[in-house]
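The values are calculated or read from the model by the stated rules, or taken from the named source; none is laboratory data. Remember, it's a predicted structure, so these values are computed and weren't measured experimentally. Every residue, glycine among them, receives a Cβ derived from its backbone with ideal geometry; neighbour counts consider all protein chains shown.
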Amino acid sequence: MMLSRNILFGGVLCLLVITAALISFLWTPFDITQMDIPNKLQKPSAAHWFGTDHFGRDIFSMIMVGARTSLAVALVAVGIGMGLGVPLGLWAAANSGSWLDELIMRGNDLIFAFPSLVIAILITAILGPGAVNAILAIGIFNIPVFARLTRAGALPLWQRDFILAARVAGKSHARISAEHILPNVANLLIVQGTIQFSLGILAEAGLSYVGLGAQPPTPSWGRMLADAQTMVAFAPHLALIPGLAIITSVLGLNLLGDGLRDYLDPKIRVMRS
Amino acid sequence: MLRYTLKRALSLGLSLVVASLVIFFVIEVVPGDPASFMLGLNAQPDTIAALRSELGLDASKLERYLAWVGGMVQGDFGTSYTYRTPVTEMIGDRIWVSLPLALYALTLSTLIAFPAGIYAASRRGKPGDMAVMGATQLGVAVPNFWFAMMLVLIFAINLRWFSAGGFVGWEKGIPAAIKSLTLPAIALALPQSAILARVMRSALLDVLGEDFMRTARAKGLTRRQALMRHGLRNALIPVLTIIGMQFSFLLAGAIIIEQVFFLPGLGRLIFQSISARDLIVVESVVMLLVFLVILVTFLVDLAYAAVDPRLRSRT
Amino acid sequence: MSLLSVQNLSLSIGPLSILKDVTFSIAPGEIVAVTGESGSGKSMTALAVMQLLPDSARTSGHIMLGDEELTAQSEKALCAMRGNCVGMVFQEPMTALNPLHPIGQQVAETIRMHAVMPKAEAEAQAAAMLTRVGLPQDRFPLSRYPHELSGGQRQRVVIAMAIARRPRLLIADEPTTALDVTTQAKILDLLKDLVEEFDMGLLMITHDLAVVADMADRIVVMRKGEVVEQGDTKHLLAHMQHPYTKALFAASQHQVDLPNAEDGHAAILSVQNAVRDYALPRTKLFAPRTFHRAVKGISFDIHQGERVGLVGESGCGKSTLTRAILGLEPLQDGSITAFGTPVAPDMPAQARIKTQVVFQDPYSSFNPRHKVGRILTEPFHLVDTPPTGAALTQIIGEVLTDVGLQPSEAQKYIHEFSGGQRQRIAIARALITKPELIIFDEAVSALDVSIRAQILDLIAELSRRHNLAYLFISHDLSVVRSVTDRLLVMQNGEIVEQGETQTVFTTPQHPYTQTLINAAPVLPDLTALRDKTETAHAPA
């Protein structure tokens, strides 16, 4: 089967962002910790591809380093969500109908009932702002997403005859979950994983924008936008460029997710919002 | 139907109790005790002691929890430490910005998403569908606060059609108030409508594959008639779920948009209180938001039953 | 003049040719059955007549309804034709109705689509039509929703919808395949009566040759998109020309050559007063839990090498009983003992080795991500020291050969096999631990008749080779008859009759068994039929 347009286009966008983040560890066009006030607020030029900010720092370099922050926060947050959510979902499905299943699912509903952004702000407010707490705040809300999805994917599998056959072969629920259920919900998880990854980037940008994400001097796209807000009237590129960086990565991941879904299994459902 | 409603109502009550417990204990785990947290590092011991007694921290946790919940049930959310005004009053002022904004945005989002989703589903695979899907793909990727900044740049700074921020207040007349909420509502609504349109489309496409749609065609309905009479209502069930989730998102999502537009809403209130470490306001506003979200979930459950007779006859 | 005339109809979807030169016709009041195995194109033929084909389908040839050429009609004209001149009944009554609309509204919709009349008038007509199909208004008011009806009742609603405008032609696509045998008999009778009463033509699509022989005036036999043979039912049954038709009828009458069971062995499975309850969802908020008793105190034994059949309709508790016998679910009362060990979910793994199982659906019986070799060896989980390396390869090869496959096929994934081959693999998996008892849970129900005959032969052959005892569970009486020594008939969680299979069939004692046997459509004795027609044609 040929790779679809979605996978190709989304993959290229993602690769672009990832490459920028990786290269920034070794090299950036300018040193982003170096202020250069005489050259502040320059429009994009040959020297400064994306222009400079109010401290004269090179925006292209800051976008590269900011990609690092965005990707790291979103990736670890997805890791937390999968790491805890998937086992919980498998466990709930294996004991479907029992009080344990009920408890896990009601707990999930409860987390869903909390407005995620408010709680993320609460967490970072109480524990202090910073990338680690932002990860935690975003990651917690990924747990019920993956738990629900895993359970929903696993429940019909438990009705299938090959699971009955494994039970007749005396295998334990845990072993069946690992050996038969997990590989068959993997596609589902990969697709939802890319979507959660993109939502994580958006959430991180939001938290940084209100000052609760990564703290200075670590550059982040959200805070670049916050800094740009007062100058948007006379230096619109300051707001435009970080926004386009966010859109590029989120769009890339979403296209990749949709493409993977069509490629792996068109029947997969994803949850957004 | 009555039984179903009662059961959902019971679940609503239970969720509220559990949520209040969670919020209460999250506030309890702040480093140090709430009083020293609120006053910060340089507070004098006697100031802390005064606040401790004001907050009633000397009472047991259970007593304090019951007092807090008991107060809220009677509409008393306590007194803000920073502003020295009753929290109920502060919320009362601000909810008339946040709630109308969320409803305004939800209305816009639904008005855009329904026709777009239905249109795309009815032209599956054709250029019209591709255009709508491309637009929604972009819409989903746009951060709403950035979109808000761009709206301000274009419509407030350049075109000067709207003011760049602030809320004129309802006393200036409904049209003026709605006008000052328009840019924020659009900023909130467009990305959400992209999500909703996608859900609407895929729910409709799922329904189109159902056997009863073929039955409808065999009766002599045209594609369009079958879609409108049999498809839409069946597709509404997943769409309702998303609308419910979006309301809670819009209510809380306003927190950032209110920052962009300097709107005096609940979002801004909670953010200011967090900066001021005013935990009394924080826990009350969070509880209120959670209450609204759970209430919406309850209403969505009732809406399911109105749409689906299978739920009505079950328990 | 014929009512429907299909001439040289060919149909392709993309590069796939679905129908080739299909030609047949239907006269008013005539029942024409199109039959064939899966992939024969019979359902696509029905959809072509309705002009409800997928967008990507390309057709050539003619479909004439009276003197109108359907392939040349505009979509608007087709909509006016569908439901008005041609009605259609589908296979799956559980999903063919819109779950959100009351049944009265759904029937009335057909009427109001094609005639301008007040709502009350349409509803009165709908009520009359529902009463006609056996859903009287006092018990099934128009306000009923589909989920409040059984499968058979829903199919009656679908039929009412299809005939509400008294169409000239009715198309029924496997209308009774999803129904129990007793319900099937009633629905078939209803269709026959309606054809006569309304002087409709009926195009009946079915794979069931016994139904065909019982219902049809004329038979069209299809294979791989082509009509291989057609003709008047009596004549065709007596004088089949095409080898495929002969093979098809032979397979559906296939009698397995079952080796004689040896008498006097000890019981290997003993079920004593087994009771299994399921908790029902609470109907009132604080009411005590209520239970559904799915298995109500069943007792029977299976002896070494004995082949026992268990028949019953859906919901009779046979699947529940199967799970209990496999030790997957606990009993509430009574006991099950297999090979001297009590059977329960917590029984020791070693005790499970001697009882294995083959399930119904060849498509859901295997983990799609595992190769056949790994699938086959799963039961070795029960063994303390499972074979490894060359010994394992040897065993896999032997067991694959045993079921008629090649040892090399252990390296393939399951999607590379057909339904029949998959069922062989399922049997191989059940055999690998050398069990003495196998549960066949509807093991041939999902297979086409010719494949079914082969698998039944294989089962009989294996039982001889390995002196296997088995419990053969089925809803299909004709299958059970030739592969079992003893028969249990189950109804509502109880065994209502048991005895020697042949005895139960020839002299059923319990009224339920009698109903079952009478309801099951049976192919007429073809040899007798042939002799009779020949005598008739012979000069006096």
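Output the number of residues of the range B:24-52 satisfying the condition of being β-branched (Val, Ile, Thr) and either at pLDDT 85 or above or surrounded by fewer than 16 Cβ atoms within 10 Å (Cβ to Cβ) (or both). Break it down stepwise before answering.
Just the residues of the range B:24-52 that are β-branched (Val, Ile, Thr), to begin with: B:26-27, B:29-30, B:47-48.
Remaining after also requiring either at pLDDT 85 or above or surrounded by fewer than 16 Cβ atoms within 10 Å (Cβ to Cβ) (or both): B:29, B:47.
Number of matching residues: 2.
Could you look through the range C:174-220, keep only residues that are under 19 Å from the mean Cα position of the chain (by Cα) and assigned to a strand (DSSP E or B), and pick out the one that is farthest from residue C:36 (Cα to Cα)?
C:204
Of all the strands (runs of 3 or more DSSP E) wholly in the range C:1-46, which have at least 2 residues that are touching a residue at least 60 places away in the same chain (Cβ under 8 Å) and within 28 Å of the chain's Cα centre (by Cα)?
Numbers: elements: C:4-13, C:16-26, C:31-35.
Ranges flagged: C:16-26, C:31-35.
Go through (1) modelled with pLDDT of 90 or more; (2) out of contact with any Leu (no Cβ under 6 Å at 6 or more places or on another chain) and name the single condition residue C:348 misses.
Answer for residue C:348: the failing condition is (1).
Select, from C:105, C:137, C:125, the only residue that is within 12 Å of chain B (Cβ to nearest Cβ), out of contact with any Gly (no Cβ under 7 Å at 6 or more places or on another chain), without any contact (Cβ under 8 Å) to a residue 40 or more places away in the chain and farther than 26 Å from residue C:314 by Cα. So that I can check it myself, show each step before the final result.
Details: C:137 fails: within 12 Å of chain B (Cβ to nearest Cβ); C:125 fails: within 12 Å of chain B (Cβ to nearest Cβ).
It is C:105.
Considering the range B:205-238 alone, what residues qualify as being outside any helix (DSSP H, G or I), of a type in the set (D, E, K, R) and without any contact (Cβ under 8 Å) to a residue 12 or more places away in the chain? Outline the logic, then answer.
Initially, the range B:205-238 is screened for residues outside any helix (DSSP H, G or I), giving B:209-210, B:219-222.
Filter once more, so that each one left must be of a type in the set (D, E, K, R): B:210, B:219.
Listed by number, the list holds a single entry, B:219.
Of the conditions (1) within 14 Å of another protein chain (Cβ to nearest Cβ); (2) among the charged types (D, E, K, R); (3) touching a Gly at 6+ places or on another chain (Cβ under 7 Å), residue B:28 satisfies every one except a single condition; which number is it?
(3)
From the list A:151, A:175, which one is assigned to a helix (DSSP H, G or I), basic (Lys, Arg) and facing another protein chain (nearest Cβ under 10 Å)? Break it down stepwise before answering.
Numbers: A:151 fails: facing another protein chain (nearest Cβ under 10 Å).
The match here is A:175.
Residue by residue through the range B:248-269, note down the ones that are facing chain A (nearest Cβ under 10 Å), closer than 16 Å to residue B:108 by Cβ and of a type outside the set (A, V, I, L, M).
Within the range B:248-269, B:249, B:253 qualify.
Go through the residues of the range B:205-214 one by one and say whether even a single one is over 30 Å from residue C:85 (Cα atoms) and at pLDDT 90 or above. Talk me through it step by step, then tell me what you get.
Restricting attention to the range B:205-214, the residues satisfying the condition of being over 30 Å from residue C:85 (Cα atoms) are none.
The answer is no, given that none of the residues of the range B:205-214 is over 30 Å from residue C:85 (Cα atoms) and at pLDDT 90 or above.
Looking only at residues that are assigned to a helix (DSSP H, G or I), out of contact with any Leu (no Cβ under 8 Å at 6 or more places or on another chain) and touching a residue at least 60 places away in the same chain (Cβ under 8 Å) in the range C:452-476, which one is surrounded by the fewest Cβ atoms within 10 Å (Cβ to Cβ)?
So in the range C:452-476, the residues assigned to a helix (DSSP H, G or I) come out as C:452-466.
Checking which are out of contact with any Leu (no Cβ under 8 Å at 6 or more places or on another chain) leaves us with C:452-454, C:456-459, C:461, C:464-465.
Filter once more, keeping what is touching a residue at least 60 places away in the same chain (Cβ under 8 Å): C:452-453, C:456-457, C:459, C:464-465.
Details: C:452: 21, C:453: 22, C:456: 23, C:457: 16, C:459: 25, C:464: 14, C:465: 11.
By that ranking, first place goes to C:465.
If you scan the range A:104-146, which residues turn out to be within 12 Å of another protein chain (Cβ to nearest Cβ), more than 23 Å from residue A:192 (Cβ to Cβ) and not β-branched (Val, Ile, Thr)?
If the condition is that a residue be within 12 Å of another protein chain (Cβ to nearest Cβ), more than 23 Å from residue A:192 (Cβ to Cβ) and not β-branched (Val, Ile, Thr), then A:122, A:125, A:127, A:128, A:129 are the ones that fit.
Given the conditions (1) touching a residue at least 40 places away in the same chain (Cβ under 8 Å); (2) more than 14 Å from every other protein chain (Cβ to nearest Cβ); (3) within 27 Å of residue A:196 (Cα to Cα), report the number of the one that residue B:97 does not fulfil.
All conditions are met except number (3).
Could you identify the single residue in C:155, C:91 that is in contact with a strand residue (DSSP E or B) (Cβ under 8 Å, 6 or more places away or on another chain), within 11 Å of another protein chain (Cβ to nearest Cβ) and closer than 23 Å to residue C:33 by Cα?
On the way: C:155 fails: within 11 Å of another protein chain (Cβ to nearest Cβ).
That would be C:91, the only listed residue that is in contact with a strand residue (DSSP E or B) (Cβ under 8 Å, 6 or more places away or on another chain), within 11 Å of another protein chain (Cβ to nearest Cβ) and closer than 23 Å to residue C:33 by Cα.
Only one of these is closer than 16 Å to residue C:493 by Cβ, crowded, with 17+ Cβ neighbours inside 10 Å, at pLDDT 90 or above and hydrophobic (A, V, I, L, M, F, W, C): C:295, C:308. Name it.
Values: C:308 fails: closer than 16 Å to residue C:493 by Cβ.
Answer to the selection: C:295.
Okay, residues lined up against (1) assigned to a helix (DSSP H, G or I); (2) more than 9 Å from every other protein chain (Cβ to nearest Cβ); (3) hydrophobic (A, V, I, L, M, F, W, C); (4) more than 22 Å from the chain's Cα centre (by Cα):
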position	(1), (2), (3), (4)
B:271	yes, no, yes, no
B:274	yes, no, yes, no
B:281	yes, yes, yes, no
B:285	yes, no, yes, no
B:291	yes, yes, yes, no
B:294	yes, no, yes, no
B:299	yes, yes, yes, no
B:302	yes, yes, yes, no
B:311	yes, yes, yes, yes
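Identify, by number, the condition in (1) closer than 22 Å to residue B:201 by Cβ; (2) assigned to a helix (DSSP H, G or I) that residue B:125 doesn't meet.
The one condition residue B:125 does not meet is (2).
Looking at residue C:161 and the list (1) among the aliphatic types (A, V, I, L, M); (2) over 26 Å from residue C:3 (Cα atoms); (3) within 8 Å of chain B (Cβ to nearest Cβ); (4) buried (at least 22 other Cβ atoms within 10 Å of the Cβ), which single condition is not satisfied?
Here residue C:161 clears every test but (2).
Which one of the conditions (1) more than 9 Å from every other protein chain (Cβ to nearest Cβ); (2) assigned to a helix (DSSP H, G or I); (3) surrounded by fewer than 18 Cβ atoms within 10 Å (Cβ to Cβ) does residue A:96 fail to meet, given that it meets all the rest?
Going through (1) more than 9 Å from every other protein chain (Cβ to nearest Cβ); (2) assigned to a helix (DSSP H, G or I); (3) surrounded by fewer than 18 Cβ atoms within 10 Å (Cβ to Cβ) one by one, residue A:96 breaks only (2).
Take the residues of the range C:56-86 that are outside any helix (DSSP H, G or I) and within 7 Å of another protein chain (Cβ to nearest Cβ): which is surrounded by the most Cβ atoms within 10 Å (Cβ to Cβ)?
We begin by selecting, within the range C:56-86, every residue outside any helix (DSSP H, G or I); these are C:56-69, C:73-74, C:82-86.
Adding the requirement that they be within 7 Å of another protein chain (Cβ to nearest Cβ) leaves C:82-84.
On the way: C:82: 25, C:83: 28, C:84: 20.
If we take residues in the range C:56-86 being outside any helix (DSSP H, G or I) and within 7 Å of another protein chain (Cβ to nearest Cβ), then C:83 is surrounded by the most Cβ atoms within 10 Å (Cβ to Cβ).
Taking only the range A:195-214 into account, find how many residues are at pLDDT below 90 and of a type in the set (Val, Ile, Thr).
Final tally of qualifying residues: 2.
With respect to residue B:93, determine if the residue is part of a helix (DSSP H, G or I), among the acidic types (Asp, Glu) and within 20 Å of residue B:273 (Cα to Cα). Steps first, answer last, please.
Details: part of a helix (DSSP H, G or I): yes; among the acidic types (Asp, Glu): yes; within 20 Å of residue B:273 (Cα to Cα): yes.
Taking the combined requirement at face value, the residue satisfies it.
Could you list, in sequence order, the residues of the range C:324-359 that are within 13 Å of another protein chain (Cβ to nearest Cβ) and farther than 24 Å from residue C:305 by Cβ?
C:328, C:329, C:344, C:345, C:346, C:348, C:349
From the list C:364, C:314, C:299, which one is away from every other protein chain (no Cβ under 14 Å), assigned to a loop (DSSP other than H, G, I, E, B) and out of contact with any Pro (no Cβ under 8 Å at 6 or more places or on another chain)? Spell out the reasoning first.
Details: C:364 fails: away from every other protein chain (no Cβ under 14 Å); C:299 fails: assigned to a loop (DSSP other than H, G, I, E, B).
After ruling out the rest, the residue left standing is C:314.
Taking residue B:242 and the conditions (1) within 30 Å of residue B:28 (Cα to Cα); (2) within 10 Å of chain A (Cβ to nearest Cβ); (3) surrounded by fewer than 24 Cβ atoms within 10 Å (Cβ to Cβ); (4) within 22 Å of the chain's Cα centre (by Cα), which numbered condition does it fall short on, given that it satisfies the others?
For residue B:242, the failing item is (1).
Can you work out which of the residues in the range C:367-392 that are assigned to a loop (DSSP other than H, G, I, E, B) and facing another protein chain (nearest Cβ under 9 Å) is nearest to residue A:164 (Cα to Cα)? Walk me through how you get there before you give the answer.
Of the range C:367-392, the ones assigned to a loop (DSSP other than H, G, I, E, B) are C:367-370, C:377, C:383-388.
Pick out the ones that are also facing another protein chain (nearest Cβ under 9 Å) and you get C:367-370.
On the way: C:367: 11, C:368: 14, C:369: 16, C:370: 16 Å.
Looking at the filtered set, the residue picked out is C:367.
Just checking, which of A:242, A:217 is in contact (Cβ under 8 Å) with a residue 12 or more places away in the chain, closer than 30 Å to residue A:41 by Cβ and surrounded by fewer than 20 Cβ atoms within 10 Å (Cβ to Cβ)? Step through it out loud before you land on a result.
Numbers: A:242 fails: surrounded by fewer than 20 Cβ atoms within 10 Å (Cβ to Cβ).
Of A:242, A:217, the one residue that is in contact (Cβ under 8 Å) with a residue 12 or more places away in the chain, closer than 30 Å to residue A:41 by Cβ and surrounded by fewer than 20 Cβ atoms within 10 Å (Cβ to Cβ) is A:217.
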